[in-house]
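Here's the structure, in structure tokens; my notes come after.
The values are calculated or read from the model by the stated rules, or taken from the named source; none is laboratory data. Quantities reported herein were computed from a predicted structural model and do not represent experimental measurements. We place every Cβ from the backbone using ideal geometry, glycine too, and count neighbours over all the protein chains shown.
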Amino acid sequence: MPLLSLRNLVKVYPADAGVFASSKSARARGSNKDVRAVNNVSLDIEAGETMGLVGESGCGKSTLGRMILRLIPATAGTVTFNGEDVLAARSTTLRRLRRDMQIIFQDPFASLNPRMRVEEIITEPLVIHGLTPHSGGNPATDAVHANENFSASPPSKPKLHQAATEMMRAVGLDESALRRYPHEFSGGQRQRIGIARALILRPKFVVCDEPVSALDVSVGAQIVNLLKELQRTFGLTYLFISHSMPVVRYLCDRIAVMRQGEIVELGSAEQVTAQPRHEYTRTLLAATPEPEYRPV
Ligand SMILES: Nc1ncnc2c1ncn2[C@@H]1O[C@H](COP(=O)(O)OP(=O)(O)OP(=O)(O)O)[C@@H](O)[C@H]1O
Ligand SMILES: [Mg+2]
């Protein structure tokens with residue numbers, strides 16, 4: 001059974017939902033139509049797999065990723081995670097699913113609260129979920145509110161500090177970073193903080209929405225390698241959204257190619273990049289004249 005199954009997912013943004021919805025000029029240009037951002041997408045992602053999602057700007061990649069995590073509501077279709085219906089989940093089930101499924105954003109700066117110290121930022125999910133991480137073995141017994149990593153109780157300051165310190169180590173930042181603020185860090189370091197925050201709840205599945213697109217190539221390569229390493233350490237499954245064919249070829253097991261809300265090609269990273277079947281995939285490959293991706 002796949003870890004994640006999408007069936008006939010649809011997202012329509014209604015015409016009147018946009019910023020310029022009521023402007024006469026928008027109507028005059030005929031731009032007051034509903035936007036079918038994701039159109040009937042079905043996709044299975046296996047546990048431990050990295051699924052790449054590529055396609056040109058505006059084709060619906062972020063919309064798809066956000067719908068899976070219920071950050072935006074779906075218009076139609078189903079999302080099944082570990083056998084559970086994500087879109088229908090309520091209360092306790094939804095809380096648990098929100099822990100199991102996380103997201104890493106493109107712009108690390110915009111996604112970090114500038115007034116919070118790094119320690120607060122990355123441990124906030126533990127506070128929100130009321131989870132105390134275990135430092136040793138001692139598996140939790142409460143199956144609904146906790147798992148083998150946590151017990152369901154408000155975390156103490158020392159426990160939070162310890163969890164934050166462990167995450168800093170995992171993402172390759174110095175412990176002293178915990179006392180500082182986001183603006184004191186470079187783009188790559190901020191992305192490491194964003195990753196630490198996403199992983200502190202020990203999710204099973206992470207949507208990486210263009211996590212290296214805003215970074216210099218060499219810094220991005222370090223983050224790509226970190227994501228690879230963390231996948232092994234924490235047993236993660238990724239949906240990795242990217243514009244860059246070389247990056248997805250390097251990182252992903254399989255690649256889904258999206259065009260105007262639909263998946264037009266799906267195959268192994270090797271097949272899709274070396275022997276693309278769809279005309280659009282060939283166009284995408286031709287449009288990325290980047291050199292072979294060489295991780296540092
Ligand atoms: N909140 C919204 N309201 C109305 N339309 C939206 C909204 N968000 C996205 N869209 C539209 O839906 C389509 C898909 O957008 P989406 O952001 O998912 O694309 P994307 O593939 O992630 O693009 P990019 O590569 O630029 O990040 C676009 O036409 C976009 O304009
Ligand atoms: Mg996007």
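Look at (1) at pLDDT below 95; (2) surrounded by 13 or more Cβ atoms within 10 Å (Cβ to Cβ); (3) more than 20 Å from the chain's Cα centre (by Cα) and you find that LYS24 fails only one, number (2). All told, ASP44 falls short of being of a type in the set (Asp, Glu), farther than 21 Å from VAL264 by Cβ and either in contact with a strand residue (DSSP E or B) (Cβ under 6 Å, 6 or more places away or on another chain) or modelled with pLDDT of 95 or more (or both). LEU112 meets each of the listed conditions (1) within 16 Å of ligand 1 (Cβ to nearest atom); (2) at pLDDT below 95 apart from (1). Please indicate, with yes or no, whether at least one residue in segment 100-107 is modelled with pLDDT under 95, surrounded by fewer than 19 Cβ atoms within 10 Å (Cβ to Cβ) and more than 25 Å from ALA37 (Cα to Cα). No, there is no match, as no residue in segment 100-107 is modelled with pLDDT under 95, surrounded by fewer than 19 Cβ atoms within 10 Å (Cβ to Cβ) and more than 25 Å from ALA37 (Cα to Cα). Determine if segment 213-228 includes at least one residue that is of a type outside the set (S, T, N, Q), within 16 Å of ligand 2 (Cβ to nearest atom), surrounded by fewer than 20 Cβ atoms within 10 Å (Cβ to Cβ) and under 26 Å from ARG117 (Cα atoms). Within segment 213-228, one or more residues are of a type outside the set (S, T, N, Q), within 16 Å of ligand 2 (Cβ to nearest atom), surrounded by fewer than 20 Cβ atoms within 10 Å (Cβ to Cβ) and under 26 Å from ARG117 (Cα atoms).
Count, please, the residues in segment 186-210 that happen to be in contact with a strand residue (DSSP E or B) (Cβ under 9 Å, 6 or more places away or on another chain), under 22 Å from ARG70 (Cα atoms) and of a type outside the set (Phe, Trp, Tyr). Can you show your working first?
Kept after step one, since they are in contact with a strand residue (DSSP E or B) (Cβ under 9 Å, 6 or more places away or on another chain), are these residues of segment 186-210: 191, 194-195, 197-210.
Still in the list and also under 22 Å from ARG70 (Cα atoms): 194-195, 197-210.
Filter once more, keeping what is of a type outside the set (Phe, Trp, Tyr): 194-195, 197-204, 206-210.
The qualifying residues number 15.
Here THR165 fulfils each of the conditions (1) surrounded by 15 or more Cβ atoms within 10 Å (Cβ to Cβ); (2) at pLDDT 95 or above apart from (1). Just one residue in the set LEU64, LEU71, LEU53 is within 14 Å of the chain's Cα centre (by Cα), under 21 Å from ALA269 (Cβ atoms), aliphatic (A, V, I, L, M) and not in a strand (DSSP E or B); that residue is LEU64. Of all residues assigned to segment 197-205, none qualifies as being modelled with pLDDT of 95 or more, in a helix (DSSP H, G or I) and over 27 Å from VAL79 (Cβ atoms).
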